[in-house]
Amino acid sequence: MAVAAAAARVWGSSRGLGRVGLLLLRQPGARGLARSHPQRQQQHFSSLDDKPQFPGASAEFIDRLEFIQPNVISGIPIYRVMDRQGQIINPSEDPHLPQEKVLKFYKTMTLLNTMDRILYESQRQGRISFYMTNYGEEGTHVGSAAALDNTDLVFGQYREAGVLMYRNYPLELFMAQCYGNVSDLGKGRQMPVHYGCRERHFVTISSPLATQIPQAAVGAAYAAKRANANRVVICYFGEGAASEGDAHAGFNFAATLECPIIFFCRNNGYAISTPTSEQYRGDGIAARGPGYGILSIRVDGNDVFAVYNATKEARRRAVAENQPFLIEAMTYRIGHHSTSDDSSAYRSVDEVNYWDKQDHPISRLRHYLQSCGWWGDEQEKAWRKQSRKKVMEAFEQAERKLKPSPNLLFSDVYQEMPTQLRKQQESLAHHLQTYGEHYPLDHFEK
């Protein structure tokens, strides 16, 4: 009757509703407006037995005014397997990986490091327009990638090149993308480091922060669940991106729709120049998981085995139980945010040197390999020389290749090109025909 009373206030009386309005109120099933229900018998409880019946929460009544403190969930422990010297702390947590696999971990991490150094310098020399290094975060890439199935779908942010490298993405294609040449799978239409590969189930990176989170959670992971695909989606992002609204929407949808997804947060200390002390007031990102009903864990991101164990278990349970998981990998961004950034303006050299020299994921894994007798100085020297040679060969090959045809600016969007876009294409062709001598057209594929 609340609706009828409200309508009467608007139109004066029930007669003002007219015949249609009265019929609407009398329709059976109109959420109790026309049906008459027997009055519920009031139940009496003692104050101790009275239980909240609110549908939005599961809790108990209290009789004292008290606000929840922001540190109610604080000091979430950091799971680790190896110490900084590469020694296994708890033998029961040792993943007991074979030598071949651990060596792949190490070689992928060091190869990524070598590629970063060469491409960073190439940008400084004006050979490419932009670059982002992965220094210090190699363990988060490789440890998580190794724990996935090769068909698991990856949504990256922009600092996950190691995931693709672990899936054997060729150096030639890394270089082709950064140079935007004819071999680039994206046909030269993306800025450098925005990789993507359908064959390796790696969704093309997009620059705007956090847009990949709802796409992965509500789109891909929910689709995988409905298809019963025995497949998980992993979505990478940084602690800065976790401040975007898309992150909160993605977390909530993944939890309520019970999607098989791993949210993998690389907490590297800085969102460009914003330190974590200015980014949030709570206990990092893992503390947010319980608020959404998401199983969460915080791991040492510089410990490749801890990242591997956590991701492997999260993947197993996400697929078996159809539920999301949140992994916060604590690490440190040793390099600048990008070639557009100068991190010396907001952090000290001593701070960077500490993480580079004292707690680097590559150094930690090398200590482990040496303690197992699987790696030595001679092997290190030979591999460094070999890996640099491989990167330089791919680098030189990429530089020699032509750029894609300018006509590709207009393709791959519409099945049938609209009239307006066709006019633009014709205008460009006319312009280049008239003023072609002012452009380096010989650098482009015909």
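Things to note:
- Taking every protein chain into account, the accessible area of the chain amounts to 56 square angstrom per residue (probe 1.4 Å).
- Kirkwood Rh in Å, taken over all unlike Cα pairs in the range 374-431: 15.7 Å
- Placing a pseudo-label 7 Å from each Cα along the Cα-to-Cβ vector at Gln425 and Ser74 gives an inter-label distance of 6.1 nm.
- Environment charge at Gln370 (Cβ cut-off 10 Å; Lys +1, Arg +1, Asp -1, Glu -1): -1
- Amide H partners (placed H, <5 Å) of Gln323, local residues excluded: Ile261
- Residue by residue, the range 289-301 carries 3J(HN,Hα) couplings of x, x, x, 9, x, 10, 5, 9, 8, 10, 10, 6, x Hz when phi is fed to the Karplus relation 6.51 cos²θ - 1.76 cosθ + 1.60 (θ = phi - 60°); x denotes Gly or Pro.
- Subtracting the Cα-Cα distance of Phe130 and Phe61 from 0.36 nm times their residue separation leaves 19.2 nm of extension gain.
- For a paramagnetic label modelled on Val349 (point 7 Å from Cα along Cα→Cβ), amide N atoms under 20 Å away belong, within the range 104-132, to 121.
- At R0 = 30 Å, FRET efficiency that the Cβ-Cβ distance of Arg198 and Asp442 yields, to 0.05: 0.40
- For the chain, the convex hull drawn through the C-alpha positions has a volume of 265 cubic angstrom per residue.
- Spacing of the two label points (7 Å from each Cα toward its C-beta) at Gln85 and Gln397, in nm: 4.3 nm
- Accessible surface, 1.4 Å probe, highest first, among residues Val163, Val218: Val218, Val163
- Equivalent-ellipsoid semi-axes of the range 318-387, from the Cα gyration tensor, Å, largest first: 27, 26, 13
- Rounded percent of accessible protein surface that carbon and sulfur make up, the chain, 1.4 Å probe: 51 percent
- Computed over the chain, relative contact order equals 19 percent, with contacts defined as Cα pairs under 8 Å that lie 6+ residues apart.
- Separation of the Glu121 and Ser340 label points, Cα + 7 Å toward Cβ, nm: 2.5 nm
- You can think of it this way: the chain between Leu185 and Ala223 has 11.1 nm of extra reach, that is 0.36 nm per residue less the Cα-Cα gap.
- Taking every protein chain into account, the 1.4 Å probe leaves Leu97 with about 20 Å² of accessible area, to the nearest ten.
- With eigenvalues of the C-alpha gyration tensor scaled by 5 and rooted, the range 302-446, Å: 46, 26, 19
- Backbone amide hydrogens, once placed in the peptide plane, bring Val299 within less than 5 Å of Tyr79, Glu328, Ala329, Met330, excluding anything fewer than 5 places away on its chain.
- For the range 291-348, taking Cα atoms only, Rg and Dmax work out to 15.9, 47 Å respectively.
- For the range 205-299, relative contact order (Cα pairs under 8 Å, six or more residues apart, normalised by length) works out to 30 percent.
- For Glu393, solvent-accessible area (1.4 Å; no DNA, RNA or ligand), Å²: 100 Å²
- Full-stretch length increase - Asn150, Ala320 - with 0.36 nm per residue and alpha-carbon distance subtracted: 59.4 nm
- Across His96, His201, His367, mean-square fluctuation computed from a Gaussian network of the chain (C-alpha pairs under 10 Å connected) peaks at His96.
- Once backbone amide H atoms are built at 1.01 Å from N, Phe444 has Lys403 as its partners under 5 Å, excluding neighbours fewer than 5 places away on the same chain.
- Here is the size of the range 106-265 from its Cα atoms: Rg then Dmax, 15.7, 50 Å.
- Hz values of 3J(HN,Hα) by residue in the range 233-239 - Karplus curve (6.51, -1.76, 1.60), Gly and Pro given as x: 10, 10, 10, 8, 6, x, 5
- Distance between the range 198-245 and the range 276-342 - C-alpha centres, whole angstrom: 15 Å
- For Lys401, the accessible area of its heavy atoms, probed at 1.4 Å with every protein chain present, is near 70 square angstrom.
The values are calculated or read from the model by the stated rules, or taken from the named source; none is laboratory data. Here the structure is a predicted model, which is why all the values come from computation and not from measurement. Don't worry about glycine lacking a Cβ; one is built from the backbone with ideal geometry, like all the others, and counts go over all protein chains shown. Each accessible area value is taken on the protein alone, full model and side chains, heavy atoms only, with ligands, DNA and RNA left out. Shrake-Rupley method; radii C 1.70, N 1.55, O 1.52, S 1.80 Å.
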